[in-house]
1. Tell me which label goes with the value of Rg/Rh (Cα atoms, Kirkwood Rh) computed from the coordinates here: [x] 0.95; [y] 0.99; [z] 1.07.
2. Taking amide H positions as placed 1.01 Å from N in the peptide plane, with prolines and chain starts having none, which residues 5 or more places from Glu277, or on another chain, fall under 5 Å of its amide H?
3. Can you work out the Karplus-derived ³J(HN,Hα) for every residue in the stretch 158-166? Use 6.51 cos²θ - 1.76 cosθ + 1.60 with θ = phi - 60°, whole Hz, and x for glycine or proline.
4. Please compare each pair in Lys91/Lys156; Lys17/Lys323; Lys115/Lys364 to a cut-off of 27 Å on the Cα-Cα distance and tell me which ones are over it.
5. Which distance in nm do the two modelled labels at Leu327 and Glu285 give, with both placed 7 Å along the Cα-to-Cβ direction?
6. Under a 5 Å amide H to amide H cut-off, with H placed in plane at 1.01 Å, what residues pair with Tyr300 once short-range neighbours are removed?
7. Using alpha carbons only, how many degrees (0 to 90, rounded to 10) separate the axis of helix 61-71 from the longest principal axis of the chain?
8. Taking θ as phi - 60°, what are the ³J(HN,Hα) couplings along the stretch 355-370 by the Karplus curve (6.51, -1.76, 1.60), each to the nearest whole Hz, with x for Gly and Pro?
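Readers should treat all values here as calculations from the given coordinates under stated rules, not as data from a laboratory. Just so it is clear, the structure is predicted and the values come from calculations on it, not from any experiment. Here the Cβ is made from the backbone with ideal geometry for all residues, glycine too, and neighbour counts use every protein chain on show.
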Amino acid sequence: MGIPAKQAAKIGAYVLKQHLLGRSRYPLVMMLEPLFRCNLACAGCGKIDYPDEILNQRLSYEDCMEAIDECGAPAVSIAGGEPLLHREMPKIVEGYIKRGKFVILCTNALLMAKKIDQYKPHENFTWSIHLDGDKEMHDRSVCLEGTYEKAIEAIKLAKARGFRTQINCTLFHGAEPERVAKFFDEMMAMGLDGITVSPGYAYERAPDQEHFLNRERTKKLFRDILARGNGGKKWAFTQSDLFLDFLAGNQTYECTPWSMPARTVFGWQKPCYLLGEGYTKTFKELMEGTEWEKYGVGNYEKCANCMVHCGFEGTAVTDSVKKPWKLIPLQVRGVKTEGPMAPEISLANQRPAEFVFSRHVEHKLAEIRSSKTVSEEVAAAE
């Protein structure tokens, strides 16, 4: 496993405490998007197609600290957009570390050589570098040649400076299992601390809609990949064993989106990091005001093909704590890659998708413009 023992123990103790307190919904990792601006335009991304007035918005240091204090999750994953474009990012990372949080800073690595001196190695801090496969795979995924070399250079630089460093890899339809396995081998040979892997989620606004995976393809792909790595034991993944088992079709899990709540420049995002179906001003409003039963596989059309960690890692971690004996065969033999798969959740009664993106964009634009007008009036009065 690519999860440090201290981190695994602390999060395990946190989960156990929530259960002893009788809490059925609680956060594990806060997903922070302090900006949407990015220096890439990946074909599979549905996060950055906003008007400039929104792309210019930033969560302040104070906003980011308030979010984790309110949420209380033991870990924070910082994404975007590209976090290294945020001027206060070093201060934000330091603020979270001082609060005893585990911090994962996700980046495409294009700015790492320029920015790395602003950060200090710490046992609770990890660079997570976006790398979707070998040179051809990755450069095609991010739609810009040369990004693979930049990422490799950044990995070497971060490791040389003493930072804990992992990659986050998103796989799409058409990925070749043998090629992915070879890529994982190469990453481990570089001394990486871990690999986070996920099937691509079908963002409704992503330019490329042809290469997203459905659940059947996801399970087949991950079985074929993991079979080439001793059931996954050959590689150090930063995810729980049961989540990998789920990706290979061996577990029937329901989504627990509250386990990885997302705080963006819009507010707390309903219901999860991937879907923007509404926003609240406070974490309490998110937890108490979201109609959770309306979302997830079998409940909502947009969720039908999702197997992404932000919805199911929390489910797997909870299962690990409740039924630790399920981990024994995985740790001994690895993930099962042959034989019958676990039953699938029926989609017969799912409600149809609602397309509300434009409404939320217009609302945010109105808010920005109103605030700008007030500021201009105050300045004029002075």
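1. Of the labelled values, this structure produces [x].
2. HN-HN under 5 Å from Glu277: Lys270, Cys272.
3. For the stretch 158-166, the Karplus-derived couplings read 4, 5, 5, 7, x, 7, 5, 9, 9 Hz, x marking Gly and Pro.
4. In this structure, Lys115/Lys364 lie more than 27 Å apart at Cα.
5. About 3.8 nm separates the two model spin labels.
6. The list, which skips near neighbours in sequence, is Arg351.
7. It works out to around 50 degrees.
8. 10, 10, 4, 4, 5, 5, 5, 4, 4, 5, 4, 4, 5, 4, 5, 5
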